[in-house]
Every structure is written in C-alpha cells, then in structure tokens.
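Read-outs: derived from the displayed coordinates by stated rules, not from any lab. Worth saying up front: this structure is predicted, and the values here are computed from it rather than measured. Here the Cβ positions follow ideal geometry from the backbone for every residue, glycine too, while neighbour counts run over all protein chains shown.
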Amino acid sequence: MQGVLRYEKFDLFKECIHGTSIKNSLLPFGFSLALHTGEDSHDIVNNRKQFLEMLGASKDTKIILANQTHSDNIAIIKDGQTAGWLSHDDAIADCDALITAQKNLLVGVLTADCVPILLLDKNKGVVAAVHAGWKGTHKQIAYKTVAKMKEVFECREISAVIAPSIGACCYEVSSELTEYFSDYPEAIKHIDGKYLLDLPHINKLQLQNAGVNSTNIEMSGICTSCSNDNFFSYRKENGCSGRFLSVIGISD
C-alpha cells in the first residue's frame, strides 16, 4: 500500500478529490501530517504539500483543518481561505466536523485510531469531514453532521466513507466505557475478560439513523492497529505523535 488510499464510492464522482494519507518511512516522521504534536513544522508542511501532489489537487486548492477537541461541534465553511494547513494557529477552533459547499476546497481530519468519516452529496456539491473518537461517537457527531448537511444545504443523497480506524479486534476498553454505548450491544464484545468496542460499526449505524442509505456507506475495513505499517495507531505505538489525514473536496 503506497501513496494515498482512495475510496470507490467517491471515485464514481470524477470531480471529487479525496483520500487518506499512508505512512512512508522514507519521509520525515513517517509522513505524519500533524502540526500540533511537536515535530518540526517545516518538515510537516512539506509532507502536507507532497500529500496534495499525491491527491492530484491543483495549486489553487484551499485546505481547512480544525483544532480537534473530541467535541460534537460542527463548522460550516463559507469562504475559500486556507486555515490550519501551514500553521496550526489558524485552525478552526474547538471543532470536530467541517462542512462546505465551496469548490476547490478540501476539508479534512487528522487521526491515529479515531474514526475519520468523509461525506459527499454530489447533487448538492457538499462535502464534510468528521473526527469521531469514542467521545465524539458518544455525542453522535456523525449523526449530527448529516443532520446539519440536510438542514443547511438540503442534502438528500449522501455517500459516506468510514476510513481506517482502530477496529473491534484491537480496541479494548473498560467495562465502564461500554456503558456509554449500551444502545449498541452488537458493537460490544466480552471475550476472555476483555471488553472490545466497534467504533466504526457504531458510526455506521449513526449514519444510517441519520438517513444515509446503507448501500451508500463504504467501510474501509482497515484497523489502524493491525495495519500499523501503513497507518499511525496511538494504541499500537504507545502514544505515538504521528497522524494521518483524510480529506475530501470538489473541484470545478
């Protein structure tokens, strides 16, 4: 696996620019794209520029990222100014979902186990990027983002991708934490005294509950812990600082 992971659902719409970055040991910091974790910012910005080239995005493409705080805060991006890309200082504050109808503008989320969700309504020309850790999932950020797309842009035909994230195979949690997800008993496994939680599945259910047809949801099926050679995993790497990036946008 090299370069950029792309998704079949979005490849059907040729104007959709999308993808998830993949680790590369030959590039600085394993091709981490995070500016908030203490690595040399010059190297990280160069990694980000290389990622844009891998995506095939034009030089005029704008990118917006947020200061992710495990909230259920959603921002509607109404202008085409880059933010959070060359510096973390101007990232959208206290926000975990970005929605836009602006052309030639990418929205994205940085993760290393949490669930990245990309959304597209090709008919309305609207995209969204969602960061859903267990806290955001508990707050139903995926459901709320779809609801906001419907409310603000009258979106009706939404396609979704749940990108690589830690899977139920590896996400061991406390019994106390499972209580937050008692409405999703099928997403909780109790094996050999361990509690395992399936966050990607819960987010899929939340998307469906928000009105996204199950046939329009693509699951990457990739666990970041199992596939640590290709994706950063905070759990697997005992608190790594690397992050990979999932983005989506629509070109002219």
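Remarks
- Charged-residue dipole, Cβ positions (Lys, Arg, Asp, Glu), the chain about Cα centre, Debye nearest 20: 440
- Only Lys, Arg (+1) and Asp, Glu (-1) charged, at Cβ; the stretch 133-219 dipole about Cα centre in debye: 260
- Kirkwood Rh in Å, taken over the stretch 61-240 so that all alpha-carbon pairs contribute: 16.6
- Two-site label geometry, residue 90 and residue 195: point separation in nm, points 7 Å out along Cα→Cβ: 4.4
- For the stretch 61-240: relative contact order, % (alpha-carbon pairs under 8 angstrom, 6 or more apart): 20
- Ascending count of other beta-carbon atoms within 10 Å, so fewest first, for 248, 158: 158, 248
- Selected from 86, 120, 98 as most flexible by GNM, with the chain as the system and alpha-carbon contacts under 10 Å: 86
- A Förster radius of 25 Å combined with the Cβ-Cβ distance from residue 157 to residue 251 puts the calculated FRET efficiency at roughly 0.85.
- For the chain, share of DSSP beta bridges that run antiparallel, in % to the nearest 5: 70
- A Förster radius of 25 Å combined with the Cβ-Cβ distance from residue 49 to residue 15 puts the calculated FRET efficiency at roughly 0.65.
- Stretching residue 25 away from residue 174 to a fully extended chain increases their span by 50.3 nm, per 0.36 nm per residue minus the current alpha-carbon distance.
- Each Lys or Arg adds one and each Asp or Glu subtracts one; over the other residues with Cβ under 12 Å from the Cβ of residue 204, this totals -3.
- A simple spin-label model places pseudo-atoms 7 Å from Cα toward Cβ; at residue 238 and residue 138 they are separated by 2.7 nm.
- Shape category assigned to the stretch 17-160 from the gyration tensor of Cα positions, a/c cut at 1.5: prolate
- Length-normalised contact order for the stretch 66-139 - Cα pairs under 8 Å, 6+ apart - percent: 33
- Volume per residue of the convex hull around the Cα atoms, evaluated for the stretch 92-177, comes out as 113 Å³.
- Here r is the Cβ-Cβ distance between residue 216 and residue 42 and R0 is 45 Å; the resulting FRET efficiency, rounded to 0.05, is 0.65.
- Net charge over other residues, Cβ less than 14 angstrom from the Cβ of residue 241 (K, R count +1; D, E count -1): -1
- Gaussian network model of the chain, springs between alpha carbon atoms under 10 Å - residue of 60, 79, 113 with greatest fluctuation: 60
- For the stretch 104-158, applying the loop criterion from DSSP together with a ceiling of 11 other beta carbons within 10 Å to the trypsin sites (Lys or Arg not before Pro) yields 156.
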